[in-house]
Amino acid sequence: MSAMTLPFRWLASLEWRRGFFEWARSDGVTWVYIFKVLSAAFLTLWLAMRLELPQPRTAMITVFIVMQLQSGHVFAKSFYRLLGTLAGSSVMVALIAIFPQNTELFLPSLAIWVGICSAGAMRYRNFRAYGFVLAGYTAAMVGLPALQHPDGAFMAAVWRVLEISLGILVSTLVSAAILPQSASASMRNALYQRFGVFAGFVAEGLRGDSQRDRFESSNVRFIAEAVGLESLRSVTAFEDPHMRRRNGRLGRMNSEFMAITTRFNALHQLLERLRQRGPLQIVTAIEPGLDALANLLDGYAGRSLTHADAARLAEQLAAYKDDLPERVRSLRAAYLDTAPSDADLLDFHTAYELLYRFVDDLHSYAQTHASLAEHSHAREQWDEPYVAQTNWLVSLAAGVRAAFILLVLGSFWLATAWPSGAMMTLIAAATVGLSAATPNPKRMSFQMACGTLFGALVGFFETFFVFPWIDGFPLLCMVLAPVFVVGAFLASRPAYAGYGLGLLIFFSTGSVPDNLTVYNPYTFVNDYIAMVIGMLVCAAAGAIILPPNSRWLWSRLEQDLRGQVLFAISGRLRGLGSAFESRTRDLLHQAYGLAVGQPQVQSKLLRWMFVVLEVGHAIIELRKEQAILPVHPCYAESQPWRQAIRVMGRALARLFLQPTASNHERALVAVDHAISRVQATDEPFARHFDTSALRRVQSYLHFIRTSLLDPQSPLAHLPATQGLPDAP
């Protein structure tokens with residue numbers, strides 16, 4: 001009897017269910033994706049053949065390009081693919097009309113258009129980039145075959161739009177109907193879990209237990225999550241009205257999360273400098289306030305933050321913030337009994353000013369998170385959008401690379417009259433577009449060439465030894481399914497995505513039969529040779545022509561990163577904080593991804609980001625303080641302390657534009673001069689950080705000074721210069 005009940009006990013065991021759910025969340029999602037790819041591809045192919053479209057394979061290729069793990073991504077990608085297809089078809093019809101049978105003018109015009117589209121794809125690195133890719137690819141796909149028959153260009157464009165629209169429609173329906181994976185669910189999960197990780201990170205840092213490498217890796221993770229969630233937020237608007245009603249609050253949460261990470265990084269960096277400098281008397285004086293906050297956050301560390309938890313956290317932070325001024329006064333009075341130096345007392349004030357600002361921003365973040373429980377809320381009104389930042393040279397390099405490839409291959413085709421030259425040029429245009437927005441276009445192009453070569457070998461066998469023996473659409477699906485399964489599996493793995501795309505797209509391009517199948521081994525072999533050559537040329541161009549993962553680009557992005565300090569100094573104050581935060585993180589996220597495999601470069605970029613965020617954020621706070629000063633003679637524009645701050649701004653601009661030792665010394669002198677002018681100014685209010693504007697100004701100036709003197713900063717390793725420059 002026990003032997004008979006053993007299988008039922010095993011089925012009911014908790015261990016089996018736990019293992020099944022773990023598989024379902026990992027590999028199970030991949031196999032669901034593969035099943036959906038097969039279903040959408042074969043349904044699209046069947047409909048295209050029944051509707052007698054000229055190229056059913058084009059509709060099926062659309063499925064492979066559009067299909068994603070989550071339905072929201074499918075909706076977004078389909079939308080931008082359709083826009084790109086319409087734009088590319090319209091431009092191509094116009095070019096054919098302007099340059100009928102004039103190849104010498106048509107080909108350069110097409111190359112310029114594809115270059116513009118590739119530059120746009122590099123500029124917009126989310127799903128909008130895909131619209132640019134398709135605008136260039138569709139123009140080449142319609143224009144090159146119609147070049148010798150311009151009278152058929154318009155109908156060719158119409159057929160391409162219909163075929164692509166069919167693939168988009170079927171992909172969208174299948175993704176939404178068969179075991180849908182919601183992007184909004186992924187976003188909610190990421191939002192809820194992110195704060196638990198951050199709370200543990202903050203509690204560890206406040207107690208001085210964090211290590212430098214762990215601190216840096218955590219910041220890289222938070223930056224990647226902020227950039228990724230912004231992209232995910234734009235996707236959820238396509239699929240979920242619940243999230244669409246909260247779109248403003250989601251954007252606000254992401255902006256506020258970036259602000260609290262910057263606030264805490266500034267506080268953490270100051271505390272680490274104080275702990276390393278010694279003696280620890282000042283750290284001992286500051287720690288009681290820090291411990292109270294760390295104990296408060298311990299209850300949220302390592303767990304998801306629900307709406308109810310966020311509301312409770314907001315109440316606790318409000319109480320902590322209300323008690324903080326009185327606690328600071330008592331701690332300051334006790335610290336004064338130890339007769340601290342002026343510098344140590346300034347460190348004490350600066351630390352608690354940063355702590356107060358951090359708690360204030362954290363409280364605002366918790367309120368926004370708690371407001372997500374309501375369908376409508378006042379915090380939905382948010383007019384400080386995420387601002388992406390891309391170096392114009394990077395986009396220009398992608399455009400020049402694409403235009404050069406198209407011109408070279410197109411000229412070779414025209415000079416040799418190779419029958420498959422149009423295929424080579426067309427596939428090169430598609431490859432350069434698909435790889436333009438990737439960190440390493442050389443590797444992506446080479447992987448696609450390898451996948452295409454494998455697809456050619458399999459396709460030759462199936463086309464000439466299998467297809468003639470099968471009869472009916474079901475048998476055709478059985479023959480094609482193994483190839484599509486392998487391609488979809490590879491495409492779902494980021495490290496092998498190029499192989500999967502090459503196999504799926506270009507096996508379908510050369511081997512999937514049309515309504516009228518022609519068995520021509522000569523054309524088959526020539527077309528696949530042309531495809532592989534086109535991709536290899538793209539890979540070579542990605543390695544030679546301004547490669548995006550080279551040293552020149554790292555240096556340009558580093559300059560752009562430093563240039564964010566100038567943006568903080570001169571940018572429009574309205575929405576400046578959010579724009580500064582997002583631009584700086586977006587630049588680092590790009591540079592960090594391009595410098596994969598170069599840990600020293602990544603570390604240097606990360607350290608530049610820390611000093612840029614610290615100094616830039618302090619400058620923005622100084623500007624905000626000056627913008628809301630009350631009317632009083634000591635706050636007038638002509639006051640020496642305000643003039644000294646303007647001089648300091650110019651010195652900091654010079655330093656971050658040209659980080660040399662002499663400019664570093666000038667900046668330090670300018671900051672010291674500004675601090676002395678603020679200290680020498682009489683103020684009609686008590687010198688407490690919650691009542692005195694000049695106390696807050698002095699704290700921010702002092703923090704800028706400590707940032708410039710940070711031994712971990714790249715500014716600490718500038719080459720020495722002779723002598724000290726004169727004070728400004």
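Brief remarks on what is shown
- Of all residues in region 640-651, those that are assigned to a helix (DSSP H, G or I) have Cβ atoms under 6 Å from Cβ atoms of residues that are open to solvent by 20 Å² or more (accessible area, probe 1.4 Å) and charged (D, E, K, R), 6 or more apart or on another chain, in Pro640/Arg677; Trp641/Arg677; Ala644/Arg677; Ala651/Arg666.
- Residue match in region 501-523 (condition: more than 22 Å from Glu163 (Cα to Cα) and among the small types (Gly, Ala, Ser)): no
- In region 410-422, residue nearest to Gly502 (Cα to Cα) [restricted to those that are touching a Ser or Thr at 6+ places or on another chain (Cβ under 9 Å) and open to solvent by less than 40 Å² (accessible area, probe 1.4 Å)]: Ser420
- Neighbours by Cβ (under 7 Å, 6+ apart or cross-chain): first from region 586-614, in a loop (DSSP other than H, G, I, E, B); second not charged (D, E, K, R): Ala595/Trp554; Ala595/Val601; Ala595/Gln602; Ala595/Leu605; Val596/Pro439
- Single match in Leu453, Leu426 (criterion: open to solvent by 20 Å² or more (accessible area, probe 1.4 Å), of a type outside the set (Phe, Trp, Tyr) and modelled with pLDDT under 85): Leu426
- Ile505 being open to solvent by 10 Å² or more (accessible area, probe 1.4 Å), in contact with a helix residue (DSSP H, G or I) (Cβ under 6 Å, 6 or more places away or on another chain) and not polar (S, T, N, Q): no
- Residue within region 358-366 that is assigned to a helix (DSSP H, G or I) and at pLDDT below 85 present: no
- Looking only at region 711-728, residues that are modelled with pLDDT under 80 and either open to solvent by less than 10 Å² (accessible area, probe 1.4 Å) or outside any loop (DSSP other than H, G, I, E, B) (or both) come to 2 in all.
- A count restricted to region 542-574 and to residues that are assigned to a helix (DSSP H, G or I), open to solvent by 10 Å² or more (accessible area, probe 1.4 Å) and not basic (Lys, Arg) stands at 13.
- Test result for Ala311, among the small types (Gly, Ala, Ser), closer than 15 Å to Asp360 by Cβ and open to solvent by 10 Å² or more (accessible area, probe 1.4 Å): no
- Qualifying residue in region 631-652 (condition: closer than 29 Å to Ile260 by Cβ and open to solvent by 50 Å² or more (accessible area, probe 1.4 Å)): no
- Among the conditions (1) in a helix (DSSP H, G or I); (2) over 15 Å from Tyr352 (Cα atoms), the only one that Ser304 does not satisfy is (1).
- Unique match (being more than 22 Å from Asn391 (Cβ to Cβ) and either at pLDDT below 85 or buried (at least 21 other Cβ atoms within 10 Å of the Cβ) (or both)) among Gly597, Gly593, Gly577, Gly616: Gly577
- Per this entry, Arg401 is counted among residues that are of a type in the set (Lys, Arg), crowded, with 23+ Cβ neighbours inside 10 Å and more than 19 Å from the chain's Cα centre (by Cα).
- Taking region 207-223 as the range and being in a helix (DSSP H, G or I) and touching a helix residue (DSSP H, G or I) at 6+ places or on another chain (Cβ under 6 Å) as the test, the residues that pass are Glu216, Ser218, Phe222, Ile223.
- Those helices (runs of 4 or more DSSP H) of region 14-125 in which at least 1 residues are farther than 25 Å from Ala429 by Cα and at pLDDT 80 or above, considering only elements entirely within it, cover 27-50.
- Among the candidates Pro325, Pro340, residue that is surrounded by fewer than 21 Cβ atoms within 10 Å (Cβ to Cβ) and in a loop (DSSP other than H, G, I, E, B): Pro340
- Residue under evaluation Gln447, criteria (1) among the polar types (S, T, N, Q); (2) free of Cβ contacts under 8 Å to residues at least 12 places away in the same chain; (3) in a helix (DSSP H, G or I), criterion not met: (2)
- Region 600-613, subset in contact with a Ser or Thr (Cβ under 9 Å, 6 or more places away or on another chain) and over 15 Å from Ala226 (Cβ atoms), residue surrounded by the fewest Cβ atoms within 10 Å (Cβ to Cβ): Arg607
- Subset of region 173-186 [aliphatic (A, V, I, L, M) and either modelled with pLDDT of 75 or more or not in a helix (DSSP H, G or I) (or both)]: Leu173, Val174, Ala176, Ala177, Ile178, Leu179
- Hits in region 367-383 (condition: over 29 Å from Ala203 (Cβ atoms) and in a helix (DSSP H, G or I)): Ala378, Glu380
- Criterion: open to solvent by 30 Å² or more (accessible area, probe 1.4 Å) and closer than 20 Å to Arg212 by Cβ - qualifying residue of Leu270, Leu280, Leu290: Leu280
- Verdict on Glu204 being under 30 Å from Asn247 (Cα atoms), acidic (Asp, Glu) and assigned to a helix (DSSP H, G or I): no
- Meets criteria (at pLDDT 85 or above and either touching a helix residue (DSSP H, G or I) at 6+ places or on another chain (Cβ under 9 Å) or assigned to a loop (DSSP other than H, G, I, E, B) (or both)) for Tyr386: no
- Among (1) under 28 Å from the mean Cα position of the chain (by Cα); (2) in contact (Cβ under 8 Å) with a residue 60 or more places away in the chain - the single one Ser508 does not satisfy: (1)
- Within region 468-480, being in a helix (DSSP H, G or I) and surrounded by fewer than 19 Cβ atoms within 10 Å (Cβ to Cβ) holds for Pro468, Trp469, Phe473, Pro474, Leu475, Cys477, Met478, Val479.
- Residue ID - nearest to the chain's Cα centre (by Cα), chosen from residues in region 481-497 that are in a helix (DSSP H, G or I) and free of Cβ contacts under 8 Å to residues at least 60 places away in the same chain: Pro494
The values are calculated or read from the model by the stated rules, or taken from the named source; none is laboratory data. All figures in this text were calculated on a predicted structure; none of them were measured in a lab. With ideal geometry, Cβ positions are generated from the backbone for all residues, glycine too; neighbour counts draw on all protein chains shown. Heavy atoms of the whole protein, side chains included, go into the accessibility calculation; ligands, DNA and RNA do not. Shrake-Rupley method; radii C 1.70, N 1.55, O 1.52, S 1.80 Å.
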